[in-house]
Amino acid sequence: MSGLIGFIGLGVMGEPICRNLLRKSGRTVLAFDLATDPLARIVADGATAAKSVGDVVGGSEIIFLCLPSAKHVLSAFEGGILRSIKRGQTVIDLGTSEVGMTREFARQLAETGALWIDAPIARTRQAAQDGTLSVMVGATPEQFGKVEPLIRHFATDVTLCGGTGAGQVTKILNNMVLFETVNALAEAVAIAKHSGVEPKLLLETLSKGSADSFALRNHGMKAIIAKEFPLRAFSTEYAMKDLSYALALGDQAGLNLRGAALLRTIFEETIDKGMGDAYFPVIAKLIDPSGFPQ
């Protein structure tokens, strides 16, 4: 088992992350996914296919999870991780999950002498392919020191945010700010179009001033202006899930997050109109349907 890497979840982000680990770590990678195509591709690149979550855990020293939601992480945890984990093993969760659940997983694994580290990823699919993701880690400094070299095989920015759950808190707030920014961009584009200013020129001009942002250059230019809202991307349903985590943290702190609450309504309406599976900047269609002829 010593030195082997396990990888569970070969989706849009997981497959390229796993490929970078495989190519750069020099270690054997034991991979699992319910979908056969990405598993076959990663095996063709040199990974070993596992038959189940438990199979991965039983054969690996460090196990990475890259799953779409807390529901999937819970399924993997209860369906294979908890009953197969042994003392000295480490599970690193790359997804965005509810903070309380993350801390409970860590508590349960600690009882067996194993470790759960939250290390949610940020940036785009292209960044996952290029190995230039940003990763926000919840761990002790000693734990961080042991896993950081592996994480740097697929990330250029790796930040220790605090103890268990701090990585999730930071990522959840990252996404909250991103979602609210994308909504502002969609509103600005709609106003520009109806006020005689070309939307692409608007965002190009804003990018030269104080309104510039990652969201503008990526979600604004490459999705809202391009009118590209693919289905195999970060969907409105997933965005709604992450926003709900932020609102829950706000409630726990006794805070009234009016901007985030309004965005929840916008996401709900977008989902109700059948756009839940589309890339979340599709909220632009809700704001200005006339800008996106059917």
Legend entry - Given (1) surrounded by 15 or more Cβ atoms within 10 Å (Cβ to Cβ); (2) over 19 Å from the mean Cα position of the chain (by Cα); (3) part of a helix (DSSP H, G or I), number of the condition A246 does not satisfy: (2)
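Can you tell me which residues in segment 165-221 are among the charged types (D, E, K, R) and either within 22 Å of S290 (Cβ to Cβ) or assigned to a loop (DSSP other than H, G, I, E, B) (or both)? Working first, answer last.
The first filter runs over segment 165-221 and keeps only residues among the charged types (D, E, K, R), leaving 171, 180, 187, 193, 198, 200, 204, 208, 212, 217.
Selection gives E187, K193, E198, K200, K208, D212.
Residue check: is V99 in contact (Cβ under 8 Å) with a residue 40 or more places away in the chain, crowded, with 24+ Cβ neighbours inside 10 Å and out of contact with any Cys (no Cβ under 6 Å at 6 or more places or on another chain)?
Numbers: in contact (Cβ under 8 Å) with a residue 40 or more places away in the chain: yes; crowded, with 24+ Cβ neighbours inside 10 Å: no; out of contact with any Cys (no Cβ under 6 Å at 6 or more places or on another chain): yes.
Taking the combined requirement at face value, the residue does not satisfy it.
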Legend entry - The one condition in (1) assigned to a strand (DSSP E or B); (2) in contact with a helix residue (DSSP H, G or I) (Cβ under 6 Å, 6 or more places away or on another chain); (3) crowded, with 23+ Cβ neighbours inside 10 Å that L30 fails to fulfil: (3)
Inset, instruction - Kindly list, by first and then second residue, each pair from a residue in segment 117-135 that is on the phi > 0 side of the Ramachandran plot and at pLDDT 95 or above to a residue that is open to solvent by less than 10 Å² (accessible area, probe 1.4 Å) and of a type outside the set (S, T, Y), limited to pairs with Cβ atoms under 9 Å and residues at least 6 apart or on different chains. - result: G131/I17; G131/F154; G131/A155
Inset, instruction - Would you mind telling me which numbered condition in (1) within 17 Å of the chain's Cα centre (by Cα); (2) in a loop (DSSP other than H, G, I, E, B); (3) modelled with pLDDT of 95 or more; (4) of a type outside the set (F, W, Y) K227 fails? - result: (1)
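May I ask you to say which residue of G11, G58, G79 is in a loop (DSSP other than H, G, I, E, B) and out of contact with any His (no Cβ under 8 Å at 6 or more places or on another chain)?
After applying the criteria, what remains is G11.
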Inset, instruction - For segment 93-100, state whether one or more residues are part of a helix (DSSP H, G or I) and within 27 Å of M240 (Cβ to Cβ). - result: yes
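The values are calculated or read from the model by the stated rules, or taken from the named source; none is laboratory data. Quantities reported herein were computed from a predicted structural model and do not represent experimental measurements. Cβ sites come from the backbone with ideal geometry, for glycine too, and all protein chains shown count toward neighbours. With ligands, DNA and RNA removed, areas are computed over all heavy atoms of the protein, side chains included. Shrake-Rupley method; radii C 1.70, N 1.55, O 1.52, S 1.80 Å.
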